[in-house]
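The values are calculated or read from the model by the stated rules, or taken from the named source; none is laboratory data. Quick caveat, the model's predicted, so the values are computed rather than measured. Because the Cβ atoms are built from the backbone with ideal geometry, glycine has one as well, and the counts that use them run over all protein chains shown. Please note that ligands, DNA and RNA were not included when accessible areas were found on the heavy atoms of the full protein model with its side chains. Shrake-Rupley method; radii C 1.70, N 1.55, O 1.52, S 1.80 Å.
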Amino acid sequence: MLTALRTDKPIISPVVFGRAGPLERLGDLLERAQGIHGATVLLSGEAGVGKSRLISELKAGAQQIGCEIHEGHSFESYLTVPYAPILDLLRRFLLSRASEELTREFSPTAVEFIKFLPELYSLFPGLVPPPALEAEQGKRRLFQTLVQFFSRNASTTPLLVIFEDIHWSDDASLEFFLYLARHVSSLPILLVMSYRSEEVTPALHHFLATLDRERLATELTLQPLSLAETESMIRAIFEQARPVRAEFLETVYNLTEGNPFFIEEILKSLVSAGEIFYTVRGWDRKPMSELHIPRSVQDAVQRRSLQLSPPARQLLELAAVTGRRFDFTLIQELTNQNEKDLLRLLKELIAAQFVVEESAEQFAFRHALTRQAIYSKLLSRERRALHRTIGETMERAYADRREAHLTDWAYHFYEAEVWEKALKYSQRVGEKALALYAPRAAIEHLTHAVEATQHLSTTPAAKLYRARGQAHELVSEFDAAREDYEHALAVTRATSDGDGEWQSLLDLGFLWLERDYQKGGDYFQRALALARELGDPSIIGHSLNRVGNWYVNAEQPFEGQRYHQEALDIFRSINDLRGQAETLDLFGPANFMAGDLFKCVESFEQAILLFRELDDRR
């Protein structure tokens, strides 16, 4: 006689199979990190092969020996978010510490962190972000600040730093991971990064190749389970002493190819559908001829979702559109459920092993493939409507934390095709990415903004084209940068924006210097001619300096001196100290090239005095 379907026991392997070697290697490296011999480990393998499970085992071992653990995750929807996994790690850190400890921790570097992590304004309300630096210099300063953060946290106890799913990390994050990997060897830090071997982007490939070339990392590649290991896993899940019948084992193995996550999903689906059931003698199943084994993980997930109550299934779909991770407060706002009813539905999803509780406020899908299967089954119209609802709800719920959620708003409104808001937020996020030295992310978001203007049948603002042009230039995409700058120039002319036209001419001049030096100079001359028409002394002075510096670099220093002298006279006449300092700084090499070493030194000394007066240490 059959009993009711057993739902109290999760269909998850209680132990890890086929991973003894990688676990032992990770344990050895963790032990070495205690002796200030840090290391970097790459954990690779196909989706569902068990990377996260292995990391969970590593974390358990690290906790036993008293290691501090910091972890950050990348998600597919955050692929264009600058430093998303690092921000995830830092925000977890913020939530896990008291205000007094956070104040002590961030005080030494708060001025550098504040633009990167706006949540710190609550701890340091009067703090003013430093002025923007040149892209490479600013990025280097940020990387140094982040390494100092990890170094301080490793000063009293060994530190385990984990970044999962780095195949969904943006280029800027990968650059930082490389920078960190070059430093951990002299620190008591074990850095572990996981990625899907079948989703290696060009940027990730370059990152992995650099690690390999510099011998900075140990790579552990997880393989699918063997037939024997698959049988051991099935027996462990069902607490079965006897061997698994051969025809059932072979069917499951051939279907899943030994992928642990796929094995669990197929078994869960069979249990949910009543194909595998619990009797007084233990677990049993229908004959093979009567089994309806789903042919894919997506089918398995869908079949399991049909066993949920309708409200729980609706919540699951809503959560899938929200993202891999979702907040209780947001879901409550979206569903208008009281806390008791919403908790009941979440418990149903947890019991069905779709989601896990990360904290009292935050939940996540147990695996990215589960969320993807649910999301992909929704119709395009359904997804658009849900993205719009989520975006509008997030605007209200997080109105007091705008900076931390701009990327979420840009993503949801773009997917919802709410073009006015997609334009507004995508442009802001793109400009912010550019300021954070993440040009690839900036290009993605600014392109979304340009696309939004096309749907709105409006002409993109020159500012939008210029920002994207700068991002393209930073990643050496000459043609794309030139096209954007030329679009910006056309827009400024069409709108009679003289200052904007002047800036566009300078942008094109700087861009062409590397490709055609003479053409770059032509643009600077055109910018100077326009500046004289506009009649603004400051703009004229800066234009003169650009032309003068062009002549100096073209080995015509005497001509360059003439332009710099005119610029210096203008800046002195309007008492523009910064203009004077910058001109004298350019005058130095002009005088040196002209063979006047005394005037060269004199120019630099005068520039130094003015920069000190302006408190510009850079």
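List of remarks:
- The label point for Glu417 and the one for Arg242, both projected 7 Å from the Cα toward the Cβ, are 5.7 nm apart.
- Extension gain from Leu534 to Glu486, taking 0.36 nm per residue of separation minus the Cα-Cα distance: 15.2 nm
- Net lengthening on full extension, Leu456/Ala20 (0.36 nm per residue, minus Cα-Cα): 151.2 nm
- Cα→Cβ-extended label distance, 7 Å offset, between Glu100 and Arg381, nm: 5.9
- Student exercise, segment 100-225 dipole from Lys, Arg, Asp, Glu Cβ charges, in Debye to nearest 20: 420
- Alpha-carbon centroid distance for the pair segment 338-401 / segment 221-272, whole angstrom: 29
- The share of accessible area on the chain that comes from carbon and sulfur is 50 percent, using a 1.4 angstrom probe.
- Probe 1.4 Å, protein heavy atoms only - accessible area per residue of the chain in square angstrom: 46
- Between 0 and 90°, nearest 10: helix 419-435 axis offset from the chain longest Cα axis: 70
- The share of C-alpha pairs in the chain whose separation exceeds 30 Å stands at 63 percent.
- Furthest towards positive pole of dipole, Ala135, Leu446, Pro260, structure part the chain, Cβ charges: Pro260
- Using only the C-alpha atoms, the convex hull of segment 540-605 corresponds to 61 Å³ per residue.
- Charged-residue dipole, Cβ positions (Lys, Arg, Asp, Glu), the chain about Cα centre, Debye nearest 20: 1820
- Start at zero, step by 5 Å, and the Cα-Cα distances of segment 258-343 spread as 3, 12, 18, 18, 16, 12, 11, 7, 3, 0 percent across the bins.
- With Cα atoms, 0 to 90° folded angle of helix 478-494 axis to the chain main axis: 60
- The alpha-carbon atoms of segment 376-484 define a convex hull whose volume equals 111 cubic angstrom per residue.
- 0 to 90° range, to nearest 10: angle between helix 227-237 axis and the chain longest Cα axis: 80
- Contour excess over end-to-end distance, with Cα ends at Ala60 and Val475 and 0.36 nm allotted per residue: 145.3 nm
- Taking every DSSP helix (H) stretch of at least 4 residues in the chain, weighting each as -39,500 (n - 2.57) and dividing the sum by the residue count yields a mean residue ellipticity at 222 nm of -19500 deg cm²/dmol.
- Segment 431-566, Cα convex hull volume normalised per residue, Å³: 109
- Restriction of the GluC sites (Glu not before Pro) in segment 57-166 to DSSP coil positions whose beta-carbon has at most 11 other beta-carbons within 10 angstrom yields Glu134.
- Nonlocal amide H pairs with Val192, under 5 Å, H built at 1.01 Å: Val41, Val161, Ile162, Phe163
- Pairwise FRET efficiency - Glu134 versus Asn254, Cβ, R0 = 51 Å, nearest 0.05: 0.35
- Note that segment 504-511 has calculated 3J(HN,Hα) couplings of 5, 5, 5, 4, 5, x, 4, 4 Hz, one per residue in order, obtained from phi through the Karplus relation 6.51 cos²θ - 1.76 cosθ + 1.60 (θ = phi - 60°); glycine and proline are x.
- Label-point gap, in nm, between Glu219 and Asp516 - each point 7 angstrom along Cα→Cβ: 4.3
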